[in-house]
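Undergrad: I am attaching a structure below and will ask some questions about it afterwards.
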Amino acid sequence: MLTDRRILLVCAFLRAFATGLMGVLLGLYLAHLHFNAGQIGVIIGVGLSGAALSSLIVTFLGDRLGRRRSLLVLTLLAVSGGLALLWTTHLLAICLAAFFGMVNGAGRDRGSSLVIEQAVLPQTVADTGRTKAYAWYNVLQDSGHALGALAAGLPTLIGDGGLLGYQIAILVYAALYASTGLLYLGLSAAVETAAKAPSWIPPVSPESRRIIARVAGLFAIDSFAGGFLGTALLSYFFFVRFGVSEGTIAVLFFAARIANGVSHLGAAWLAARIGLVNTMVFTHIPSSIALIVMALVPQFWMAAMLFMLRELLVEMDVPTRQSYVMAVVQPEERTFASGVTSLVRLGGWAIGPFAAGALMQVVALATPLIVGGALKIGYDALLYWSFRGLKPPEEKS
């Protein structure tokens with residue numbers, strides 16, 4: 001069990017490194033290929049749509065096909081998609097590569113591999129260590145995101161920001177995914193479910209179905225807003241609005257991911273004192289306000305400070321949210337709950353960039369930041385109103 005947990009943690013770090021790298025560079029790479037903001041939004045949305053479809057498949061078939069086997073297939077597709085980006089400059093071909101390769105321009109690892117890993121992780125720890133385990137899982141993810149964002153400065157070091165540097169960075173992205181595939185080969189049979197469900201839909205109690213449906217509906221709002229605020233689009237915003245270099249953007253996102261990692265441990269500490277729902281809501285609203293103000297300030301240093309403030313708060317709901325969902329359903333329902341909630345989040349992220357790219361192109365560059373921040377505030381209000389009375393077991397005692 002310990003070996004499996006270590007493999008999952010290392011793979012989460014490596015995959016997050018790759019995602020952080022691609023999140024910063026994808027929009028800039030496509031801009032170097034002379035795609036406009038609307039087309040960039042389409043490509044990012046198509047990639048996230050592929051990730052959403054793969055999450056749908058593993059939600060219903062991942063346990064039946066085998067978790068280890070599913071992880072290996074997903075890794076192979078991701079490697080192929082990354083390499084395919086290097087072979088064409090045609091919009092349709094790039095969209096196909098992004099879709100089948102599940103290319104994630106959001107800058108955060110929230111794909112189908114995550115669905116499986118989150119379902120396995122509670123099996124490797126005691127119930128009392130659930131929130132802390134998710135906190136460390138997310139710390140490693142955000143450490144990977146941070147190093148990936150920093151590595152996005154590679155094009156500046158190679159060829160002075162030319163196309164060659166971007167191509168080498170994408171090769172690094174593919175190699176990181178390939179290394180996770182090798183590690184997954186070491187997973188034991190303990191990661192699989194004890195028994196296969198007799199149908200595509202696992203048995204879930206009516207009460208849990210109602211809880212999952214309510215949570216999923218709210219998460220859909222939050223993720224749709226998050227689709228407006230993916231790393232690729234935010235880096236594009238900094239690049240065009242303030243004229244900063246790729247290297248400066250890479251350092252900024254590196255610092256942001258470090259802030260995210262620190263905040264996860266802070267979230268576990270805070271949740272033990274004020275509760276999971278309160279932690280989710282009362283840290284998220286200030287982060288959205290900072291985002292809206294960031295869209296309006298005239299200088300880069302102001303925007304960077306507000307961005308860092310936002311990143312110190314915005315991810316505190318991630319381990320608490322994961323822990324809360326796993327706590328309010330039965331253990332045998334966790335795979336289904338993890339898959340459904342991850343799926344709706346991916347669906348929202350997939351739709352968001354289409355609208356965000358169009359708003360950037362037609363209305364104003366900063367419009368997605370304002371709209372996304374306002375939607376997130378509305379989500380937090382609804383979340384608090386809906387779930388403030390439903391306590392996880394540790395808070396009831």
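Undergrad: Any residue that is over 25 Å from R257 (Cα atoms), polar (S, T, N, Q) and assigned to a loop (DSSP other than H, G, I, E, B) - is there at least one of those in the stretch 82-105?
TA: Within the stretch 82-105, one or more residues are over 25 Å from R257 (Cα atoms), polar (S, T, N, Q) and assigned to a loop (DSSP other than H, G, I, E, B).
Undergrad: The conditions are (1) surrounded by 19 or more Cβ atoms within 10 Å (Cβ to Cβ); (2) not in a helix (DSSP H, G or I), and S338 fails exactly one of them. Which is it?
TA: Failed condition: (2).
Undergrad: Any residue at all in the stretch 115-129 that is in a loop (DSSP other than H, G, I, E, B), more than 18 Å from A31 (Cβ to Cβ) and within 18 Å of the chain's Cα centre (by Cα)?
TA: no
Undergrad: In addition: Hey, among the residues in the stretch 238-295 that are within 21 Å of Q322 (Cβ to Cβ) and among the β-branched types (V, I, T), which one's surrounded by the fewest Cβ atoms within 10 Å (Cβ to Cβ)?
TA: I274
Table: residues versus (1) at pLDDT 90 or above; (2) over 18 Å from the mean Cα position of the chain (by Cα); (3) surrounded by 24 or more Cβ atoms within 10 Å (Cβ to Cβ).
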site	(1), (2), (3)
A18	yes, no, yes
G41	no, no, yes
L53	no, no, no
L65	no, yes, no
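Undergrad: Okay, moving on. Is it fair to say T88 is surrounded by 18 or more Cβ atoms within 10 Å (Cβ to Cβ) and of a type outside the set (D, E)?
TA: No.
Undergrad: Now for a different question. Every residue in the stretch 344-371 that is within 11 Å of I221 (Cβ to Cβ) and modelled with pLDDT of 85 or more, please.
TA: Once the filter is applied, which keeps residues that are within 11 Å of I221 (Cβ to Cβ) and modelled with pLDDT of 85 or more, the stretch 344-371 yields nothing.
Undergrad: Residues that are over 18 Å from the mean Cα position of the chain (by Cα), closer than 16 Å to T231 by Cα and not polar (S, T, N, Q): which helices (runs of 4 or more DSSP H) entirely in the stretch 242-329 hold 1 or more of them?
TA: Result: 246-274, 276-294, 300-314.
Undergrad: For the stretch 122-157, what are the residues that are acidic (D, E) and surrounded by 20 or more Cβ atoms within 10 Å (Cβ to Cβ)?
TA: D142
Undergrad: Same structure, new question: Just a yes or no: is a residue in the stretch 225-233 of a type in the set (S, T, N, Q) and at pLDDT 85 or above?
TA: Looking through the stretch 225-233, none of the residues is of a type in the set (S, T, N, Q) and at pLDDT 85 or above.
Undergrad: For T367, are the conditions met, namely being polar (S, T, N, Q) and closer than 30 Å to Q123 by Cα?
TA: no
The values are calculated or read from the model by the stated rules, or taken from the named source; none is laboratory data. The structure presented is a predicted model; accordingly, all values stated were derived computationally and were not measured. Using ideal geometry, Cβ is built from the backbone for each residue, glycine included, and neighbour counts are taken over all protein chains shown.
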